[in-house]
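Asks: Encoded as structure tokens, here's the structure I'll be asking about.
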Amino acid sequence: MIGTPRYRTHLHTFIVLLIAALIMFSNALAQEHHHGDIKIKCEDCHLTEGWDKLKPNLNFDHNSQTTFSLDGQHQSVECTECHTSLVFSDADVTCASCHLDIHQGQFADECGACHTPETWNNEREMALRHSETRFPLPGVHATLDCQNCHQSGQYTNLPIDCDGCHIERFLSSVNPDHQAAAFSAECEDCHSVNIAGWLTANYEHPETFILSGGHSTSDCIECHTGQASYAESNPECFVCHETDFVQSTNPDHSGGAFSQTCEECHSINGWEPAEFDHNLSAFVLNGAHIPTDCLDCHTNNQYTGTSTECYFCHDADFTKAENPNHLNGNFSELCGDCHTEEDWTPADFDHNLSEFTLQGAHLSVECVDCHVEDQYSGISSDCYPCHQVDYETVEEPDHRKGQLDLDCELCHNFDTWNPSTFSHTTTTFPLTGSHIQTECQDCHIDGQYANLAIDCYSCHDTDFSDAENPNHTTGKLDHDCEQCHTT
């Protein structure tokens, strides 16, 4: 009843529990309202003197309790500079969320590619990153400030060729005038990336035309007539020495249709004296060709366009040859197959250089035995065309009846036609076990050697039918004998 001691006791207990529940709910509500679900106790950071009073040493480790470790200058940054909201989990961990992208999207959002937490302006790291670009800062470029090339904050889609940055210097050069002389815009042809200074240039003439001998003392204008000819100058001798060529009379270069490649006879030390080394031409003189007079080959003062083929000079020798008759035998016009440069006769033909190497009994066979009616070309290198008679007259075994392969080498060798051997291992049915001792005719009935089945049952059908223990036929056993039997 109301007013009794028992009632007052229950009421007192209820009030205490209600107050405790309200305190706990208010704490949870406050924590959820301000910081969200951060799963740490309020007293780890706040003092009991007031909600805005924080402990001098927070009982919180940012490195181990979050996914963002405080490195470098991040350790000295006030919490509120990154956590603009009291719900700490709202803070983005990407660099771009705190650091304004002054590059305006030209680079990736990951600032750490060039910057570090220790310092924002890490030139060494930036230089390393630059080495991974299309332009890895060669030579003195590595010492320049970024702004020297990246003007107005542009870092992408810049040219990497020299003239992309140095075109104004190229156009303003006057000694020599690069434009008028049609110089290449490849600055590195003369300028080095390792030398600080545009005026320190060095042109290596050997890259295009080696200056040696008489050329080393010639003035530039003797070859480079007019400024525009620096890039257009032809390195061929004849371009400068055309007058010398035309005026030559011993021999007459023009009338003799001489090559305009002057260095074949002349040297860079002087136009005279001249000497022609035939071994530098397309036809080296060997053997009997050495004492031969030039006019024997170079008729009508013709020194160019002369064929280097033997037949061109030796066609008469080819036509008159009778033993053997080169024309009737349809011989190759490649004289070097049989003849040497020492002399036209005697001649020797190395059959091993042909498509058919002579071995065994073939070495002692007369040429006419194979080359009938002076036929020396278009002859098959297969055995059968020559050994057809041997094939057709054989009786044991009868090759034709047995439809034996026309590839004679399967059984015969080059040393002799008989005896012959046949290796069954080269077929689709290698002999194993008791098959090795079996007579050929036991399987090859009626002289049939081709198109035979290789499954066991084809030969052992009688054994299969006669079997009684167990009876294979009534038992409907499988015809695959190898399931139970071996060879």
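Asks: Take the range 113-148 and flag every residue that is under 32 Å from the mean Cα position of the chain (by Cα), without any contact (Cβ under 8 Å) to a residue 12 or more places away in the chain and over 15 Å from HIS103 (Cβ atoms). Don't jump to the end; show me each part of the working.
Replies: Going residue by residue through the range 113-148, those that are under 32 Å from the mean Cα position of the chain (by Cα) are 127-139.
With without any contact (Cβ under 8 Å) to a residue 12 or more places away in the chain added as a condition, the list becomes 128, 130-133, 136-137.
Matches in the range 113-148: LEU128, SER131, GLU132, PRO136, LEU137.
Asks: Right, GLY270: under 30 Å from GLY214 (Cα atoms) and at pLDDT below 85 or not?
Replies: When the stated conditions are applied, GLY270 passes them.
Asks: OK, next. Just for the range 173-187: of the residues that are over 15 Å from ASP163 (Cα atoms) and free of Cβ contacts under 8 Å to residues at least 12 places away in the same chain, which one is surrounded by the most Cβ atoms within 10 Å (Cβ to Cβ)?
Replies: First, the residues of the range 173-187 that are over 15 Å from ASP163 (Cα atoms): 174-177, 180-181.
When the remaining residues are screened for being free of Cβ contacts under 8 Å to residues at least 12 places away in the same chain, the result is 174-175.
Working: VAL174: 8, ASN175: 6.
So the residue we want is VAL174.
Asks: So, in the range 397-439, how many residues would count as being closer than 23 Å to HIS362 by Cα, of a type in the set (Val, Ile, Thr) and without any contact (Cβ under 8 Å) to a residue 40 or more places away in the chain?
Replies: Of the residues in the range 397-439, 1 are closer than 23 Å to HIS362 by Cα, of a type in the set (Val, Ile, Thr) and without any contact (Cβ under 8 Å) to a residue 40 or more places away in the chain.
Asks: Moving on. Please pick out the residue among ASP466, ASP407 that is at pLDDT 85 or above and touching a helix residue (DSSP H, G or I) at 6+ places or on another chain (Cβ under 9 Å). Outline the logic, then answer.
Replies: Numbers: ASP466 fails: touching a helix residue (DSSP H, G or I) at 6+ places or on another chain (Cβ under 9 Å).
Every option except ASP407 fails the conditions.
Asks: Among the residues of the range 428-447 satisfying the criterion of being among the β-branched types (Val, Ile, Thr) and at pLDDT 85 or above, which is farthest from ARG400 (Cα to Cα)? If you could, list the steps in order and put the result at the bottom.
Replies: The initial filter retains those residues of the range 428-447 that are among the β-branched types (Val, Ile, Thr), namely 428, 432, 436, 438, 445.
Narrowing further to those that are at pLDDT 85 or above: 428, 432, 436, 438.
Working: THR428: 21, THR432: 28, ILE436: 25, THR438: 23 Å.
My answer is THR432.
Asks: With the requirement that a residue be of a type outside the set (Asp, Glu) and surrounded by 13 or more Cβ atoms within 10 Å (Cβ to Cβ), what does the range 262-273 give you? Full working, then the answer.
Replies: Residues of the range 262-273 of a type outside the set (Asp, Glu): 262, 265-271, 273.
Those that are of a type outside the set (Asp, Glu) and surrounded by 13 or more Cβ atoms within 10 Å (Cβ to Cβ): CYS262, CYS265, HIS266, SER267, ILE268, TRP271.
Asks: Would you check if THR200 is closer than 29 Å to GLN106 by Cβ and loosely packed, with under 11 Cβ neighbours inside 10 Å?
Replies: Values: closer than 29 Å to GLN106 by Cβ: no; loosely packed, with under 11 Cβ neighbours inside 10 Å: yes.
Against the criterion (closer than 29 Å to GLN106 by Cβ and loosely packed, with under 11 Cβ neighbours inside 10 Å), THR200 does not qualify.
Asks: Where residues in the range 286-296 are closer than 20 Å to THR345 by Cβ and surrounded by 11 or more Cβ atoms within 10 Å (Cβ to Cβ), which of them is modelled with the lowest pLDDT? Please lay out each step first, then the result.
Replies: Quick first cut of the range 286-296, residues closer than 20 Å to THR345 by Cβ only: 286-292, 296.
Adding the requirement that they be surrounded by 11 or more Cβ atoms within 10 Å (Cβ to Cβ) leaves 286-289, 292.
Numbers: ASN286: 93, GLY287: 93, ALA288: 92, HIS289: 92, THR292: 85.
Checking each candidate, the answer is THR292.
Asks: When the residues of the range 188-197 are filtered to those that are more than 34 Å from the chain's Cα centre (by Cα) and surrounded by fewer than 13 Cβ atoms within 10 Å (Cβ to Cβ), which remaining residue is modelled with the lowest pLDDT?
Replies: GLY197
Asks: Restricting attention to the range 350-388, which residues are at pLDDT below 85, part of a loop (DSSP other than H, G, I, E, B) and farther than 21 Å from GLU333 by Cα?
Replies: Matches in the range 350-388: GLU366 only.
Asks: Could you list, in sequence order, all residues of the range 436-460 that are outside any loop (DSSP other than H, G, I, E, B) and more than 17 Å from THR487 (Cβ to Cβ)? Please lay out each step first, then the result.
Replies: Step one: of the range 436-460, the residues outside any loop (DSSP other than H, G, I, E, B) are 436-437, 440-443, 445-447, 456-460.
Scanning the range 436-460 gives GLN441, ILE445, ASP446, GLY447.
Asks: Tell me which residues, restricted to the range 436-487, are exposed (fewer than 11 other Cβ atoms within 10 Å of the Cβ) and touching a strand residue (DSSP E or B) at 6+ places or on another chain (Cβ under 8 Å).
Replies: none
Asks: Specify which of the listed residues (TYR311, TYR391) is closer than 30 Å to THR261 by Cβ, assigned to a helix (DSSP H, G or I) and modelled with pLDDT of 85 or more. Walk me through how you get there before you give the answer.
Replies: Working: TYR391 fails: closer than 30 Å to THR261 by Cβ.
So the residue among TYR311, TYR391 that is closer than 30 Å to THR261 by Cβ, assigned to a helix (DSSP H, G or I) and modelled with pLDDT of 85 or more is TYR311.
Asks: Something else about it: Take the residues in the range 412-435 that are under 46 Å from the mean Cα position of the chain (by Cα) and in a loop (DSSP other than H, G, I, E, B); name whichever of them is farthest from CYS459 (Cα to Cα). Talk me through it step by step, then tell me what you get.
Replies: Going through the range 412-435, the residues under 46 Å from the mean Cα position of the chain (by Cα) turn out to be 413-414, 423-430.
Imposing the further condition that a residue be in a loop (DSSP other than H, G, I, E, B) reduces the set to 413-414, 423, 427-430.
Numbers: ASN413: 31, PHE414: 35, SER423: 20, THR427: 17, THR428: 16, PHE429: 13, PRO430: 15 Å.
Filtering first and then ranking leaves PHE414.
Asks: Related question: Find all pairs meeting these conditions: Cβ atoms under 8 angstrom apart; at least six residues apart or on different chains; first residue within the range 355-369 and surrounded by 11 or more Cβ atoms within 10 Å (Cβ to Cβ); second residue assigned to a helix (DSSP H, G or I) and not charged (D, E, K, R).
Replies: Qualifying pairs under 8 Å: THR357/HIS351; LEU358/HIS351; LEU358/ASN352.
The values are calculated or read from the model by the stated rules, or taken from the named source; none is laboratory data. Small disclaimer: the values here were computed from a predicted structure and weren't measured. Here the Cβ is made from the backbone with ideal geometry for all residues, glycine too, and neighbour counts use every protein chain on show.
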